[in-house]
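Peer 1: One structure, pasted below without further comment.
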Amino acid sequence: MKKKPTKERIIETALLLFEENGFHAVTVDRIVKESNSSKGGFYHNFKSKDELLYTVHDSFITYILDKAEDAYNRYSTPAERLYETVRSFVMMFELYRPHVTVFYQESLYLSEEYYETIKRKRRRYKNMMFRLVDEGIACGDFRKEIPVPITSMAIFGMTNWTYKWYKETGQYSIQEIANIYADLVMNAVLTKEASSKPEYARFFLTSE
């Protein structure tokens, strides 16, 4: 079997160690030892343990930003864009659940420089969601009585919490969970008229 690249091994090992023991309790020496790498290999890829923590955080935030931007550019209606954005966020947990867990546990330990970079990216994602909901209301597909900030933050709250309970060995696959969440969101935001559009039928689960 081909050996994984040093950087990948270090990140995977650090994720496990940070999640189990916390950022401060884990030393560079331990990461190096358990990843079967070297101090030279570590510092070739990361300036510090702090930069390693930043890399863990940045990877999944960059991923969901890219997916949301792709959905916005690929689809023409706010409804389609929101549906695909919700699904892509949930699907992210298949690749990045440990990263998200470590983010919520350890993000306060990021240096100010790294924390500000992450905060800017999170703000970008929040603004993209606000824009989607606002555009959906403006075009008449989304219910105008639901406030943009509350609707957007409710979506974030529901999808973010997935990291707490999702397991690959659970009853539902991440694809099924993504479809369920998207169904819940679209049922909540679409007007009755928009819900009946044939082109939006794919948003909803069926009993068949």
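The values are calculated or read from the model by the stated rules, or taken from the named source; none is laboratory data. Everything numeric in this text was worked out from a predicted model, so none of it was measured. Using ideal geometry, Cβ is built from the backbone for each residue, glycine included, and neighbour counts are taken over all protein chains shown. For the accessible areas, the whole protein counts, side chains as well, though only heavy atoms, and no ligand, DNA or RNA atoms are used. Shrake-Rupley method; radii C 1.70, N 1.55, O 1.52, S 1.80 Å.
Peer 1: Can you find a residue that is out of contact with any Lys or Arg (no Cβ under 9 Å at 6 or more places or on another chain) and under 30 Å from Phe203 (Cβ atoms) anywhere in region 14-27?
Peer 2: No, because not a single residue in region 14-27 is out of contact with any Lys or Arg (no Cβ under 9 Å at 6 or more places or on another chain) and under 30 Å from Phe203 (Cβ atoms).
Peer 1: Of the numbered conditions (1) over 20 Å from Ser76 (Cα atoms); (2) surrounded by 11 or more Cβ atoms within 10 Å (Cβ to Cβ), Asp183 satisfies every one except a single condition; which is it?
Peer 2: The number of the failed condition is (1).
Peer 1: If you don't mind, another one. Hey, does region 160-179 have a residue that's at pLDDT 95 or above and more than 30 Å from Val102 (Cα to Cα)?
Peer 2: Within region 160-179 (the criterion being at pLDDT 95 or above and more than 30 Å from Val102 (Cα to Cα)), the answer is no, since none of the residues qualifies.
Peer 1: Still on this structure: Inspect region 31-47 for any residue being under 20 Å from the mean Cα position of the chain (by Cα), modelled with pLDDT of 95 or more, farther than 25 Å from Leu190 by Cβ and surrounded by fewer than 18 Cβ atoms within 10 Å (Cβ to Cβ) and give the result as yes or no.
Peer 2: Checked region 31-47: no residue is under 20 Å from the mean Cα position of the chain (by Cα), modelled with pLDDT of 95 or more, farther than 25 Å from Leu190 by Cβ and surrounded by fewer than 18 Cβ atoms within 10 Å (Cβ to Cβ).
Peer 1: Whether any residue in region 152-167 is closer than 30 Å to Asn21 by Cβ, open to solvent by 80 Å² or more (accessible area, probe 1.4 Å) and outside any helix (DSSP H, G or I) is what I want to check.
Peer 2: Within region 152-167, one or more residues are closer than 30 Å to Asn21 by Cβ, open to solvent by 80 Å² or more (accessible area, probe 1.4 Å) and outside any helix (DSSP H, G or I).
Peer 1: Might you let me know whether region 104-125 holds any residue that is at pLDDT 95 or above and in contact with a Phe, Trp or Tyr (Cβ under 8 Å, 6 or more places away or on another chain)?
Peer 2: no
Peer 1: Please go through region 186-208 and give me each residue that is outside any helix (DSSP H, G or I), among the aliphatic types (A, V, I, L, M) and loosely packed, with under 15 Cβ neighbours inside 10 Å, ordered by number.
Peer 2: Leu205 - this is the single residue of region 186-208 that is outside any helix (DSSP H, G or I), among the aliphatic types (A, V, I, L, M) and loosely packed, with under 15 Cβ neighbours inside 10 Å.
Peer 1: Does Asp50 meet the test of being among the acidic types (Asp, Glu), on the phi < 0 side of the Ramachandran plot and open to solvent by 50 Å² or more (accessible area, probe 1.4 Å)?
Peer 2: no
Peer 1: Check whether at least one residue in region 117-140 is touching a helix residue (DSSP H, G or I) at 6+ places or on another chain (Cβ under 9 Å) and within 23 Å of Ser173 (Cα to Cα), and report yes or no.
Peer 2: No, region 117-140 has no match at all.
Peer 1: For a quick check of your reading of the model, give me the residue pairs whose first member lies in region 121-136 and is closer than 18 Å to Phe60 by Cβ and open to solvent by 50 Å² or more (accessible area, probe 1.4 Å), whose second is small (Gly, Ala, Ser) and at pLDDT 95 or above, with beta-carbon atoms closer than 8 Å and at least 6 apart or on different chains.
Peer 2: Close Cβ pairs satisfying both conditions: Lys126/Ser152.
Peer 1: Check region 95-116 and report whether any residue there is more than 29 Å from Gly22 (Cα to Cα) and open to solvent by less than 40 Å² (accessible area, probe 1.4 Å).
Peer 2: Of region 95-116, the ones more than 29 Å from Gly22 (Cα to Cα) are none.
No: region 95-116 contains no residue that is more than 29 Å from Gly22 (Cα to Cα) and open to solvent by less than 40 Å² (accessible area, probe 1.4 Å).
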